[in-house]
Amino acid sequence: MHRPRKNKSVLMKKFILAASVLVAVYSCKKEEGAKKENTTEASSEAPKSNNKIVTLSGGITEIVSALGHEKEIVGTDVTSTYPESLKATAKDLGHVRSMTIEPIMAVNPTLILASDKDINPELLGKINSSGIKAEVFKQEYTVDGTKKLIEEVAKAIGNTDYQKLNDKIDADLKQVQPIAKKPKVLFIYARGNMLMVAGKNTPMASLINLAGAENAVTEFEDFKPLTPEAVVKANPDVLFFFTTGLQGAGGNEGALKMPGVSQTNAGKNKKIIAMDGGLVSGFGPRLGEAAVGLNKLLIENTK
Amino acid sequence: MIKAHQINYKHKDFHILDGVDVSLEYGEFLAIVGPNGAGKSSLLSVLADEVRTGKQKVLFKDKPISEWNVKELSKHKAKFSQHNSNDIPLEVKDVVMMGRYPYFDSQPGKEDLEAMNNMMYETDVFHLKDREYNTLSGGEKQRVHLSRVMAQLQNEIAHTLMFLDEPLNNLDIKHQYKALDIIKKFTQKANSAIVVLHDLNLAAQFADKILLMKSGRVSAYGTPQEVFTAENISDAYNFPCTICEHPITNNPMIIFG
Amino acid sequence: MRTQSKLYFYLTISAVLLVIIAVLSLNIGVYDFGGNSAFKVLWQFIKGDPNLSLSDKYVVWDVRAARIIMAILIGSMLSVSGTSLQGLFKNPLATGDLIGLTSGATLLAAIAIVLGGHFKEYLPEAVQFSLVGISAFIGSFLSMMLVYRISTSGGKTNVVMMLLTGVAITAIGFSITGFLIYISKDEQLRDLTFWNLGSLAAATWTKNIILGVVLIIAYIILLPKGKAFNAMMLGEKDAQHLGINVERLKKQIIIIVALMVGTCVAFSGTIGFVGLIVPYILRLLFKSNYAFILPLSALCGSILLLTADTFSRSIVAPSELPIGILTALMGGPIFIAILVKFKKAL
């Protein structure tokens with residue numbers, strides 16, 4: 001009767017020993033790996049100044065790059081897809097909702113720039129207590145809001161040469177053509193099986209207005225799950241997607257199959273457009289470009 | 001040692017116990033007998049302070065039992081229950097050691113180990129002490145609990161009381177006699193025992209006093225000679241019986257039929 | 001004599017193991033201390049070395065060390081809660097998450113956050129946390145009372161009722177909490193993932209202090225009760241005959257477990273299965289002798305959660321796997337193992 005018990009406890013001890021050895025080996029490997037990464041990074045890029053900036057929002061990343069400090073960016077969030085050259089020089093730190101502080105600190109930033117939208121408040125707390133200079137910007141999705149953001153970000157990185165960015169936005173916006181029949185545009189966010197529509201007070205609604213059209217949704221704010229009644233009631237003339245979203249949903253055919261779409265003008269006339277996600281939601285220096293791009297697509301699709 | 005006067009225990013409108021008087025002296029072995037449903041276990045529960053009937057008080061050593069400190073009380077009285085848990089994932093010796101819980105805080109002392117071992121010998125379960133309780137037979141489990149209850153009262157206190165509710169269930173004849181022997185020896189040291197028994201002959205042989213119950217009332221009370229008459233028994237059990245004298249011990253011998 | 005020294009022996013082994021894992025965990029993470037090991041940096045911090053870079057100090061102390069301590073405290077309390085509940089309900093499936101305590105705690109914590117959002121600026125951090133913690137405690141206490149009333153009668157537990165009540169409470173909690181999150185723009189409410197799968201990423205020393213205080217209060221009362229839990233296995237009436245004040249014990253267990261579960265949920269969200277896994281493994285070694293498994297579960301719970309958390313932040317670095325996934329991964333098979341054992345006993 002004694003033996004089975006003894007075996008079990010010996011087994012337990014062996015298991016515990018093995019487990020701790022595994023963990024030890026694992027952690028040593030991790031450290032080695034981390035060290036290797038740092039050394040290769042140092043040899044491939046010699047930054048212009050000693051600034052190391054982490055930008056945690058697509059728009060902010062674009063502003064910093066446009067102001068000429070792209071090489072100083074060492075880390076971005078997952079939505080910072082433009083400029084593409086950042087992939088080689090900056091580390092993707094993930095989504096601000098689930099990011100933790102350590103990967104940010106691992107790139108040794110001297111400045112952290114973040115937007116108040118979506119960011120995890122715990123992460124914000126940790127950033128603030130980290131001792132690293134950090135600025136959190138309130139992002140307003142209007143032309144003036146964007147210009148203000150550009151000014152504030154520029155000040156944060158010590159650059160006074162931001163006027164030309166604002167001017168460019170104005171210049172681009174002037175190229176927006178009025179559209180004869182103001183179309184109703186419905187933006188659909190498609191990810192996997194999840195479909196959401198953009199109501200008032202979203203970046204997309206703002207952009208749609210700038211492009212000379214109307215947001216098809218007028219009853220609610222923010223993003224809400226797509227329902228067939230809402231779609232039919234809104235009766236958009238054009239459906240608007242992110243390029244990646246439309247692709248993932250099965251292209252134009254997939255879009256036409258979405259609930260309620262077949263009863264709408266857009267569905268009947270097969271008017272579906274898509275633009276790059278970063279361009280549409282960044283609301284940075286390319287705001288004017290985005291508006292013009294959308295404007296052109298709308299003109300084409302309302303002839 | 002223990003006195004209870006006019007105990008009434010009702011469940012809705014049904015009298016489980018109706019006007020029962022019990023009184024027990026030091027050194028007495030009282031057997032409670034009667035047909036099923038007579039209220040024997042309920043009476044034992046009331047006396048052992050497992051249930052409170054409200055108005056009537058049970059006096060233990062001249063003090064209302066409800067006023068005793070729980071821990072102190074456990075050194076003066078112990079109870080063997082009729083239905084013991086079938087699932088105790090422990091070793092036998094751990095179960096018996098529970099009887100000594102009133103006596104140590106975290107670590108059993110020498111007296112505790114001694115009491116435990118002695119009682120396991122007495123009930124013939126010492127050879128099972130390292131076995132898992134759940135693997136024992138019904139009778140073996142019964143004896144384990146018996147030794148636990150007895151270990152609980154192995155102490156220096158002058159007069160202790162043991163309640164036993166049908167302790168002989170599942171035991172073979174040898175162990176039945178052994179158990180009753182131990183209880184008898186216990187009472188001969190100025191301790192008392194109240195035992196619910198089914199076997200009238202064993203009650204007649206071992207008990208000092210008998211309490212015969214029927215339908216929640218005391219049907220007869222006294223020595224075995226006084227209580228075990230053909231009249232009393234056939235009335236209580238609603239079954240004919242004959243009394244004769246036990247050839248060896250001269251105790252009353254009850255034969256049914 | 002033998003049993004006590006055996007207990008001390010195992011406690012010592014577990015404590016040593018915990019320290020080893022803590023040190024290893026300290027050295028794991030994406031941040032590079034410029035060639036030094038994290039442990040060395042921590043040592044420098046403790047000695048008050050002025051040459052220590054602020055970032056190094058911050059990562060080692062406020063990020064890693066704080067998180068490790070939180071994993072130890074919460075792992076310990078979740079594990080002891082499970083063991084205690086199993087002693088109360090006399091069933092190895094009774095754990096805070098399975099009987100709905102964590103859902104109840106989550107619900108009231110979410111309500112507290114929504115209401116407290118209006119006063120956020122006026123209260124110091126410690127008070128804010130305490131209010132959420134207290135609400136979570138009330139939530140888990142109410143759930144506990146509900147489960148207890150419905151599933152026990154005369155001291156016997158109907159296991160099926162116990163678990164089903166847990167399912168019901170979890171369903172209600174999930175829907176109301178989900179609704180609150182859906183309609184609320186309050187970022188403090190975080191998202192459902194935090195509440196359902198838990199996270200130790202938000203560890204701070206303030207939270208650790210609160211957790212520590214709760215732990216000390218709870219353990220002073222509960223840990224010496226191993227004997228009493230054993231006696232409860234005989235049944236409540238027989239336990240009372242052995243000198244255990246059963247009613248008082250039950251009240252203590254209910255309140256203290258609700259307090260522990262509530263506080264843990266308030267700070268880390270729902271981390272399930274810890275209270276199931278640790279007592280189960282300990283029972284394989286010590287059977288149901290609570291004199292052993294109660295104190296040991298305090299240490300082994302820490303070991304379990306710390307190990308799981310270390311994996312969660314290193315397997316998919318720099319991202320993190322929600323810790324609830326890892327504990328569920330371990331807990332699921334154990335749940336099935338217990339059920340199979342039950343089936344055999346039937």
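Please work out which residue is modelled with the lowest pLDDT, limiting yourself to the stretch A:193-241 and to residues that are among the acidic types (Asp, Glu) and closer than 21 Å to A:Leu256 by Cβ.
This residue is A:Glu229.
Looking at (1) over 21 Å from B:Asp199 (Cβ atoms); (2) within 11 Å of chain C (Cβ to nearest Cβ), which is the only condition B:Asn84 fails?
(1)
Scan (1) away from chain C (no Cβ under 14 Å); (2) touching a Gly at 6+ places or on another chain (Cβ under 7 Å); (3) surrounded by fewer than 16 Cβ atoms within 10 Å (Cβ to Cβ); (4) among the charged types (D, E, K, R) for the single condition B:Lys40 breaks and write down its number.
For B:Lys40, the failing item is (3).
Tell me, please, whether a residue that is exposed (fewer than 15 other Cβ atoms within 10 Å of the Cβ), modelled with pLDDT of 85 or more and within 19 Å of B:Glu28 (Cβ to Cβ) can be found in the stretch B:225-239.
Within the stretch B:225-239 (the criterion being exposed (fewer than 15 other Cβ atoms within 10 Å of the Cβ), modelled with pLDDT of 85 or more and within 19 Å of B:Glu28 (Cβ to Cβ)), the answer is yes, since at least one residue qualifies.
For the subset of the stretch C:315-346 comprising residues that are within 11 Å of chain A (Cβ to nearest Cβ) and in contact with a helix residue (DSSP H, G or I) (Cβ under 6 Å, 6 or more places away or on another chain), which member is nearest to C:Lys225 (Cα to Cα)?
The residue in question is C:Pro322.
What is the residue count in the stretch B:147-174 for residues that are under 22 Å from B:Glu114 (Cα atoms) and not in a loop (DSSP other than H, G, I, E, B)?
Result for the stretch B:147-174: 8.
Just checking, which of C:Leu321, C:Leu326, C:Leu306 is touching a residue at least 24 places away in the same chain (Cβ under 8 Å) and out of contact with any Pro (no Cβ under 9 Å at 6 or more places or on another chain)?
C:Leu306
Taking only the stretch A:148-175 into account, find how many residues are basic (Lys, Arg), over 15 Å from A:Gly68 (Cβ atoms) and either over 23 Å from the mean Cα position of the chain (by Cα) or within 14 Å of another protein chain (Cβ to nearest Cβ) (or both).
Within the stretch A:148-175, residues that are basic (Lys, Arg), over 15 Å from A:Gly68 (Cβ atoms) and either over 23 Å from the mean Cα position of the chain (by Cα) or within 14 Å of another protein chain (Cβ to nearest Cβ) (or both) number 1.
How about the stretch B:63-81: which of its residues are more than 9 Å from chain C (Cβ to nearest Cβ) and among the β-branched types (Val, Ile, Thr)?
B:Ile65
Just to verify a result, which residue in the stretch A:124-147, among those that are touching a residue at least 24 places away in the same chain (Cβ under 8 Å) and within 8 Å of another protein chain (Cβ to nearest Cβ), is surrounded by the most Cβ atoms within 10 Å (Cβ to Cβ)?
Out of the qualifying residues, it is A:Lys126.
Considering every residue within the stretch B:191-210, establish whether at least one is outside any helix (DSSP H, G or I), farther than 22 Å from B:Ser41 by Cα and in contact (Cβ under 8 Å) with a residue 40 or more places away in the chain.
no
Identify the residue in the stretch C:197-252 that is at the interface with chain B (Cβ under 10 Å from one of its Cβ atoms) and of a type in the set (S, T, N, Q) and, among all such residues, is surrounded by the fewest Cβ atoms within 10 Å (Cβ to Cβ).
Of everything passing the filter in the stretch C:197-252, C:Asn245 is surrounded by the fewest Cβ atoms within 10 Å (Cβ to Cβ).
Out of (1) farther than 20 Å from A:Ala266 by Cβ; (2) at pLDDT 90 or above; (3) β-branched (Val, Ile, Thr), the odd one out for A:Ile127 is which?
Against the list (1) farther than 20 Å from A:Ala266 by Cβ; (2) at pLDDT 90 or above; (3) β-branched (Val, Ile, Thr), A:Ile127 comes up short only on (2).
Which pairs do you get when a residue that is farther than 12 Å from A:Thr79 by Cα and more than 9 Å from chain C (Cβ to nearest Cβ), found in the stretch A:89-100, comes within reach of a residue that is modelled with pLDDT under 85 and in a loop (DSSP other than H, G, I, E, B), reach meaning Cβ atoms under 9 angstrom, with the pair 6+ apart or on two chains?
A:Thr89/A:Glu45; A:Thr89/A:Pro47
Show the residue pairs that are 6+ apart or on different chains and have beta-carbon atoms under 6 Å apart, the first residue being within the stretch C:43-67 and modelled with pLDDT under 80, the second being among the polar types (S, T, N, Q).
C:Leu52/C:Gln44
Report yes if some residue within the stretch B:106-126 is surrounded by fewer than 16 Cβ atoms within 10 Å (Cβ to Cβ) and facing another protein chain (nearest Cβ under 8 Å); otherwise report no.
Yes, the stretch B:106-126 has at least one match.
When A:Asp172 is evaluated against the numbered criteria (1) at pLDDT below 90; (2) buried (at least 16 other Cβ atoms within 10 Å of the Cβ); (3) not in a helix (DSSP H, G or I), which criterion, by number, is the only one it fails?
(3)
Determine if the stretch A:155-168 includes at least one residue that is out of contact with any Leu (no Cβ under 6 Å at 6 or more places or on another chain), among the β-branched types (Val, Ile, Thr) and outside any loop (DSSP other than H, G, I, E, B).
The answer is no, given that none of the residues of the stretch A:155-168 is out of contact with any Leu (no Cβ under 6 Å at 6 or more places or on another chain), among the β-branched types (Val, Ile, Thr) and outside any loop (DSSP other than H, G, I, E, B).
Of the residues B:Val22, B:Val95, B:Val58, B:Val33, only one is in contact with a strand residue (DSSP E or B) (Cβ under 9 Å, 6 or more places away or on another chain), touching a residue at least 24 places away in the same chain (Cβ under 8 Å) and closer than 25 Å to C:Asn245 by Cβ; which?
It is B:Val58.
Identify, from the list B:Asp208, B:Asp165, B:Asp199, B:Asp172, the residue that is modelled with pLDDT of 85 or more, more than 30 Å from B:Glu72 (Cα to Cα) and within 15 Å of the chain's Cα centre (by Cα).
Of the residues listed, the single one that is modelled with pLDDT of 85 or more, more than 30 Å from B:Glu72 (Cα to Cα) and within 15 Å of the chain's Cα centre (by Cα) is B:Asp199.
Here is a list of conditions, (1) touching a Leu at 6+ places or on another chain (Cβ under 8 Å); (2) on the phi > 0 side of the Ramachandran plot, and A:Ile112 meets all of them except one; can you say which number that is?
Going through the list (1) touching a Leu at 6+ places or on another chain (Cβ under 8 Å); (2) on the phi > 0 side of the Ramachandran plot, A:Ile112 breaks only (2).
Can A:Thr146 be described as hydroxyl-bearing (Ser, Thr, Tyr), closer than 29 Å to A:Ala211 by Cα and outside any strand (DSSP E or B)?
Judged against the criteria, A:Thr146 is a match.
The values are calculated or read from the model by the stated rules, or taken from the named source; none is laboratory data. Just so it is clear, the model here is predicted, and its values are computed rather than measured. When we count neighbours, we look across all protein chains shown, and the Cβ atoms used for this are built from the backbone with ideal geometry, even at glycine.
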